[in-house]
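S.K.: The structure follows.
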Amino acid sequence: MLDSTVPIGILRCSACGALDAGPRLFCAHCHEAALVSEPASSMGRLVSWTVIRRPSAQFRALAPIGIAIVALDAGVTVTGRLASPDGAHRVDERVAAVRMDDGVGIFEVIDG
Ligand SMILES: [Zn+2]
């Protein structure tokens, strides 16, 4: 079980209330330029993932890189990375970000 998680920055439209993972200038729902950044809990469920074992030279030091799609409990689906890309992950398992790396959430499996 994790001791601590970190929040994820999401966007909320101040005109219609829609949530968005961003980055985006205009609301995808109402098209207003009214998106405001706010923190959200990073707890969610793993939707899908893949592992990049031979990334381009720019990202080679990070290999293997686990790219995760996470449906946050807050109602937004975000892209992040897996802290343990070679772990035995499964669809729908509970995850949360334990740290941020250059604006990207690094997700680990949590209980529950
Ligand atoms: Zn809107």
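Every number in this text was worked out from the coordinates using simple rules, so none of it is lab data. Keep in mind that this is a model prediction, so the values were computed, not measured. Note that we place each Cβ from the backbone using ideal geometry, even for glycine, and neighbour counts take in every protein chain shown.
S.K.: Give me the dipole magnitude in Debye, nearest 20, for the chain about the Cα centre, with unit charges on the beta carbon: positive for Lys and Arg, negative for Asp and Glu.
M.R.: The dipole magnitude comes to about 400 debye.
S.K.: Report, for the range 8-109, the % of DSSP beta bridges that are antiparallel, rounded to 5. Before the final figure, lay out the partial values.
M.R.: Numbers: 30 of 32 bridges.
Bridges in the range 8-109 are about 95 percent antiparallel.
S.K.: Mind listing the Cα extents of the chain along all three principal axes, in Å, largest one first?
M.R.: Rounded to whole Å, the extents work out to 42, 36, 22 Å.
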